[in-house]
Amino acid sequence: MARYTGPVCKLCRREKQKLFLKGSKCYSEKCPLEIKNYPPGQHGTGRRMKFSEYGIQLREKQKIKRIYGVLETPFRNYFAKANRQKGPTGENLIKLLERRLDNVVYRLGFAPSRKAARQMVLHRHFMVNGRIVNIPSYLLRPGDVVSVKEKSKKMDIIHNTLRRVKDNPYPWLTVNKAELSGTFNEIPEREDIPVNVNEQLVVELYSK
């Protein structure tokens, strides 16, 4: 299974904003973006770069891919599926990505980052509706219940992350910290999804 294995902090620096790819480090003073607020590479500190219309659209696509940890081919497949659905294609795309199991595990507070959630799902630590699912890209449906496998309920990474999550800020999810489970209540509306991206630029990019 293909995945990005390079330094993720460089991805935030490239996009000039926090993508929250490193868990608790993103909230601390150790975040490289706090120290090096410029793109990586030998030309990062040079003159200000000017992007063309295509370049701006490409950067927005890269930003969305990096936030959700999706590579080019599956991202194109998500876009094609979103384009076939009713409603704005860009909003459909973000909603599809939010339904991914690794993203929901992260949103529920069971993992410090989507990358960590992806690994934990692959290692069979989570169940959906009582059955083990080890596919990070599994799309949840309204009413699905995500729970930690019984043998995995003592994992420190889960409890340490839950301690930092005081309240559930996502109205489409319900978290039961005592049972280490959560319910995907409904597909969220775009305005409720806290992702600072302009998905319409991706639609314009793929429409060329």
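The values are calculated or read from the model by the stated rules, or taken from the named source; none is laboratory data. All values derive from a computational prediction rather than experimental measurement. Cβ: placed from backbone, ideal geometry, glycine included. Neighbour counts: every protein chain shown.
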Looking at Arg131, Arg124, Arg163, can you tell me which residue is surrounded by fewer than 16 Cβ atoms within 10 Å (Cβ to Cβ), modelled with pLDDT under 95 and not assigned by TED's automatic domain parsing to the domain that holds Leu58? Arg163
Of the numbered conditions (1) surrounded by 14 or more Cβ atoms within 10 Å (Cβ to Cβ); (2) of a type outside the set (Lys, Arg); (3) in contact (Cβ under 8 Å) with a residue 40 or more places away in the chain; (4) under 25 Å from Asn83 (Cα atoms), Gly109 fails exactly one; give the number of that condition. (4)
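Output the strands (runs of 3 or more DSSP E) that fall wholly within segment 113-208 and possess 1 or more residues being over 30 Å from Gly55 (Cα atoms) and touching a residue at least 40 places away in the same chain (Cβ under 8 Å), or say none.
Numbers: elements: 126-128, 144-148, 173-176, 181-184.
Here the list reads 144-148, 173-176, 181-184.
Suppose the filter is touching an Asp or Glu at 6+ places or on another chain (Cβ under 9 Å) and either modelled with pLDDT of 55 or more or more than 27 Å from Asn160 (Cβ to Cβ) (or both); does Tyr68 pass it?
Details: touching an Asp or Glu at 6+ places or on another chain (Cβ under 9 Å): yes; either modelled with pLDDT of 55 or more or more than 27 Å from Asn160 (Cβ to Cβ) (or both): yes.
Judged against the criteria, Tyr68 is a match.
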Looking at (1) over 19 Å from Asn185 (Cα atoms); (2) among the hydrophobic types (A, V, I, L, M, F, W, C); (3) outside any helix (DSSP H, G or I), find the lone condition where Phe79 falls short. (3)
Please find, within segment 59-76, the residue that is surrounded by the fewest Cβ atoms within 10 Å (Cβ to Cβ) out of those that are outside any helix (DSSP H, G or I) and hydrophobic (A, V, I, L, M, F, W, C). Leu71
